[in-house]
2 protein chains.
Amino acid sequence: MLEEIRQQPEALARTLSAELKRVEKFKRLVEKQRPRMVVLVARGTSDNAALFGRYLLEITTGIPVSLAAPSIATLYQAKVDYRDALVVAISQSGESTDTNLVLERARAQGALTLGITNESGSTLAKLAEHVILVRAGREKSVAATKTYTGQMLAMYLLAYALGGRDVRIADLERIPDIVDATLGLEPEIDALSERYRFMRHSVVVGRGLNYANAFEMSLKLMETCYVVAERFSSADFLHGPIALVEQNFPVFAFAPPGVTWPSIGETIGKLKALQAEIVAITDSGNHEVDATATKIIRLPRRVKEILTPIPYIVPAQIFAACLATKKGLDPDKPRTLSKVTLTL
Amino acid sequence: MLEEIRQQPEALARTLSAELKRVEKFKRLVEKQRPRMVVLVARGTSDNAALFGRYLLEITTGIPVSLAAPSIATLYQAKVDYRDALVVAISQSGESTDTNLVLERARAQGALTLGITNESGSTLAKLAEHVILVRAGREKSVAATKTYTGQMLAMYLLAYALGGRDVRIADLERIPDIVDATLGLEPEIDALSERYRFMRHSVVVGRGLNYANAFEMSLKLMETCYVVAERFSSADFLHGPIALVEQNFPVFAFAPPGVTWPSIGETIGKLKALQAEIVAITDSGNHEVDATATKIIRLPRRVKEILTPIPYIVPAQIFAACLATKKGLDPDKPRTLSKVTLTL
């Protein structure tokens, strides 16, 4: 898992340079045939990339986005009207039966279809009319890391193709370097993780573009460290779940500077008053968090908010991998799981 | 909380009879002006009713549904194109600033707007072009119960107005009686709850039409019992989080007979092999679950799957209220929370 985390700068740079031509072609197509809505369909970690895509696409393109619920097609056999939609299936293996079924039926209805996968020879790559390949290389660890950030990059490329405001290729080309600089935090995060050796449960909060990262960090904590990890937007957290929090309750918070900071900052302030243990992931552009957080993981470079999601998940991935080791677990072989999960 | 749980049959019957005329009028309107998509916007318990609505509306009407992310409007100031959409805001108090803002902006764009609220004099009731009133009476407990089932009923009325397949008023009129019969389980659930006196964390699983109930049960466990309660679809659970489960780990499962049973049954089977403690909520139409569940809460009447969601949440509400009392907590006054939560 740590090895694959470290491969991310290279994998991201490879995906970006190799896929750009195909993305430009897709951009010309959707300029003529603009979809009325975007439907994202995925499971597991890929579904967290879809959740990120939901925010990125609505914010930058104004096209309404829906995250599909596969059971509506697979169990209820309902036919949702996707005629003028762009339906995007996201799957590391490209062999997720339920997401493939949703895409296949949408294409039969006349929807524009796009597959985002790490496997060029997969069923998904064949079923979808258009493809963006995540060129992360084979992922051996059950816990997905480099394919998650690769799928997020594919979401930026999709936003670019749809004419997304403030989505520039020159900015995306900076991401591999920012991730590379972030990897330098590994020794510091490894030392920090020891403190959480006996943590059994926690909450992760994020908002807006980093909301999906709260889901992804909690999934990594669940599957590699067996920590019961809740995930909330800082707004939803105040609508009930904050009642959970007592002294020393561990809360992880994605706290980039920018438009989400007032909301995250308010939540962290309330948590501090409850004497919770707050671990903030932030960068050198936010020092307001220093007054409230118990521990801070600070990315070395200040990052534009729209570019934060990929670099910000990296310390969370490292933390989960290191904590698993501290707990005497093998992060590459979580109990009960296998790499490809088939569901109906 | 228990008092308000017991008021549900009466509240549901009152809402149904009082709102039907208004719903018929709305039905005639949307027959002429069919929306291209439905956007649901809500927070907290109301967001769980929206999640239920998402499944119900897509399954019965085939119109694509999106659950809005309010921060896209409130923090990022993005303008999503909702022109031919029906935008529905759901709020008990009708005073949720962020959901109201999304609805107001959508109406300004020309979207058809509907407010679902318990308060006829609220800001939401004034902002929305059309209204369905949840006539649950004043809800005093911070933990929402009768307004949740009232909002779910409003979702059925909306599905009916949109011409939803298999959504019949005569069927809906049976729900209050089914809920009334379910309330008879209270002594049995009260006795069962004692076993969970020292439970600190748990997982709740559901699928399809009962997926939202998994969210709602876990929210009740978090806010009234301070149990760290995860919620998953049985499909997503197998994609990672099942690694959490060890011997005696408590899992609550919504297990109605019908199309979701094979998926829920498969998950419960895996959990049994891991020696988890499984509490199944089911009815007299499903005896297959008896071989795998540790404990069963069985509704006295067999219920058509499409009608299960309202009756099935009732034992979960009772369980949370009884367990809070067993834990020495006051379910009506969760620490840190107030009834109306204002978020940006």
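The values are calculated or read from the model by the stated rules, or taken from the named source; none is laboratory data. Note that the structure is predicted; figures quoted are calculated from it, not measured. Every residue, glycine among them, receives a Cβ derived from its backbone with ideal geometry; neighbour counts consider all protein chains shown. Side chains included, ligands, DNA and RNA excluded: accessible areas come from the protein's heavy atoms. Shrake-Rupley method; radii C 1.70, N 1.55, O 1.52, S 1.80 Å.
Looking at region B:138-147, is at least one residue of a type in the set (D, E, K, R), in a helix (DSSP H, G or I) and over 22 Å from B:LYS220 (Cβ atoms)?
no
Tell me whether region B:16-27 contains one or more residues that are facing another protein chain (nearest Cβ under 10 Å), hydroxyl-bearing (Ser, Thr, Tyr) and without any contact (Cβ under 8 Å) to a residue 24 or more places away in the chain.
Checked against the condition, which is being facing another protein chain (nearest Cβ under 10 Å), hydroxyl-bearing (Ser, Thr, Tyr) and without any contact (Cβ under 8 Å) to a residue 24 or more places away in the chain, region B:16-27 yields no hits at all.
May I ask you to list the residues in region A:289-338 that are hydrophobic (A, V, I, L, M, F, W, C), under 30 Å from A:ALA273 (Cβ atoms) and in a loop (DSSP other than H, G, I, E, B)?
Residues satisfying the conditions are A:ALA293, A:VAL303.
Filter region B:219-248 down to residues that are in contact (Cβ under 8 Å) with a residue 24 or more places away in the chain and small (Gly, Ala, Ser) and give me whichever is nearest to the other protein chains (Cβ to nearest Cβ).
Once the filter is applied, the top-ranked residue is B:ALA235.
In region A:192-217, what residues are more than 9 Å from chain B (Cβ to nearest Cβ) and either on the phi > 0 side of the Ramachandran plot or under 17 Å from the mean Cα position of the chain (by Cα) (or both)?
A:VAL204, A:VAL205, A:GLY206, A:ASN210, A:ALA212, A:ASN213, A:ALA214, A:PHE215, A:GLU216, A:MET217
With respect to the numbered conditions (1) touching a strand residue (DSSP E or B) at 6+ places or on another chain (Cβ under 7 Å); (2) under 25 Å from A:PHE249 (Cα atoms), which one is the sole condition not fulfilled by B:GLN247?
Condition (1) is where B:GLN247 drops out.
So which of A:ARG34, A:ARG22, A:ARG14 is outside any helix (DSSP H, G or I), open to solvent by 60 Å² or more (accessible area, probe 1.4 Å) and either modelled with pLDDT of 95 or more or not hydroxyl-bearing (Ser, Thr, Tyr) (or both)?
Within the list A:ARG34, A:ARG22, A:ARG14, the selection yields A:ARG34.
Here are some conditions: (1) closer than 16 Å to B:ARG54 by Cα; (2) in a helix (DSSP H, G or I); (3) of a type in the set (Gly, Ala, Ser); (4) open to solvent by less than 10 Å² (accessible area, probe 1.4 Å). A:ALA50 meets all but one. Which one does it not meet?
So A:ALA50 meets the others, but not (1).
Specify the residue that is nearest to B:GLU246 (Cα to Cα); the eligible residues are those in region B:182-195 that are open to solvent by less than 20 Å² (accessible area, probe 1.4 Å) and touching a strand residue (DSSP E or B) at 6+ places or on another chain (Cβ under 7 Å).
B:ILE189
Could you tell me which numbered condition A:ILE281 fails, if it satisfies all but one of (1) assigned to a helix (DSSP H, G or I); (2) in contact with a Phe, Trp or Tyr (Cβ under 8 Å, 6 or more places away or on another chain); (3) away from chain B (no Cβ under 13 Å)?
Every condition holds for A:ILE281 apart from (1).
List the number of the failed condition for A:THR117; all other conditions in (1) within 30 Å of B:VAL102 (Cα to Cα); (2) in contact with a strand residue (DSSP E or B) (Cβ under 6 Å, 6 or more places away or on another chain); (3) among the polar types (S, T, N, Q) hold.
If we test A:THR117 against (1) within 30 Å of B:VAL102 (Cα to Cα); (2) in contact with a strand residue (DSSP E or B) (Cβ under 6 Å, 6 or more places away or on another chain); (3) among the polar types (S, T, N, Q), just (1) comes out false.
Could you please find all residues in region A:53-66 being in contact (Cβ under 8 Å) with a residue 12 or more places away in the chain, facing chain B (nearest Cβ under 7 Å) and open to solvent by less than 10 Å² (accessible area, probe 1.4 Å)?
Hits for region A:53-66 are A:ILE63, A:PRO64, A:VAL65, A:SER66.
Within region B:93-118, work out how many residues are away from chain A (no Cβ under 13 Å), over 22 Å from B:GLY137 (Cα atoms), touching a helix residue (DSSP H, G or I) at 6+ places or on another chain (Cβ under 9 Å) and outside any strand (DSSP E or B).
Total meeting the criteria: 3.
Under 8 Å by Cβ, and 6 or more places apart or on different chains, what pairs join a residue from region A:255-273 that is at the interface with another protein chain (Cβ under 8 Å from one of its Cβ atoms) with one that is hydroxyl-bearing (Ser, Thr, Tyr)?
So the pair list comes out as A:VAL259/B:TYR76; A:THR260/A:SER234; A:THR260/B:SER71; A:SER263/A:SER234; A:SER263/B:SER71; A:SER263/B:THR343; A:LYS270/B:THR336.
State all residues of region A:75-92 that are touching a helix residue (DSSP H, G or I) at 6+ places or on another chain (Cβ under 8 Å) and more than 9 Å from chain B (Cβ to nearest Cβ); if no residue qualifies, say none.
A:LEU86, A:VAL87, A:VAL88, A:ALA89, A:ILE90, A:SER91, A:GLN92
Each row is one residue, and each column tells you yes or no for (1) open to solvent by 10 Å² or more (accessible area, probe 1.4 Å); (2) touching a Leu at 6+ places or on another chain (Cβ under 8 Å).
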residue	(1), (2)
B:SER234	no, no
B:GLN247	yes, yes
B:ASP283	no, yes
B:PRO315	no, yes
B:LEU329	yes, no
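Which residue, of A:THR113, A:THR61, A:THR117, is closer than 30 Å to A:LEU183 by Cα, modelled with pLDDT of 95 or more and not assigned by TED's automatic domain parsing to the domain that holds A:LEU209?
Among A:THR113, A:THR61, A:THR117, only A:THR117 is closer than 30 Å to A:LEU183 by Cα, modelled with pLDDT of 95 or more and not assigned by TED's automatic domain parsing to the domain that holds A:LEU209.
Run A:SER202 past the list (1) open to solvent by 10 Å² or more (accessible area, probe 1.4 Å); (2) under 18 Å from A:CYS322 (Cα atoms); (3) not basic (Lys, Arg) and report the number of the one that doesn't hold.
(1)
What are the residues in region A:67-120 that are free of Cβ contacts under 8 Å to residues at least 24 places away in the same chain, out of contact with any Leu (no Cβ under 6 Å at 6 or more places or on another chain) and open to solvent by 40 Å² or more (accessible area, probe 1.4 Å), if any?
A:GLN77, A:ARG107, A:ALA108
Can you tell me how many residues in region A:121-138 are buried (at least 20 other Cβ atoms within 10 Å of the Cβ) and either touching a Gly at 6+ places or on another chain (Cβ under 6 Å) or not assigned by TED's automatic domain parsing to the domain that holds A:LYS79 (or both)?
The total comes to 6.
Return yes or no: is B:ILE310 away from chain A (no Cβ under 14 Å), under 23 Å from the mean Cα position of the chain (by Cα) and at pLDDT 95 or above?
Yes, satisfied.
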